[in-house]
């Protein structure tokens, strides 16, 4: 392998690692913020499926997706990370601007203000979705390149 080809492979790996770290970092921020905020949001529904419970579920999903991206870095791991990040981002933006009443087991979660933790979480979720999408594309491209 020539020095130029070796640098190309090393560059490809380092960009892939950077996407894995960025995606996992964004998911870790998402998980941390949701865990931090969960107790205060559960107070409104102490016995049922409250917003705090949903925050804990979101934190667990984000943490598991972060571990999968770091450990495997596969298309499937990036796809899960994308779905977790995008769904969390969509929920925080939707419930910020739209007053959706409680439905089924889900509580009403309208929260018409941006505060520090919510803003940080939304930014991490949005960036995490973009990074996960890029990682998904890159992981697929790497497989096609090595297969051919």
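Every number in this text was worked out from the coordinates using simple rules, so none of it is lab data. The model shown is predicted, which means the values in this text are computed figures rather than measured ones. Heads up, the Cβs are rebuilt from the backbone with ideal geometry, glycines too, and the neighbour counts pull from every protein chain shown.
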Expressed in angstrom and rounded, the centroid-to-centroid distance over alpha carbons for the range 97-125 and the range 13-40 is 19
Taking the square root of 5λ for each eigenvalue of the C-alpha gyration tensor of the range 3-147, the equivalent ellipsoid has semi-axes, largest first and in whole angstrom, of 35, 13, 13
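Taking the highest mean first, how do the peptides 75-87, 96-108 order by number of other beta carbon atoms within 10 angstrom per residue? Mind showing how you got there, number by number?
On the way: 75-87: 20.5, 96-108: 11.0.
Taking the mean over residues of other Cβ atoms within 10 Å, the ranking is 75-87, 96-108.
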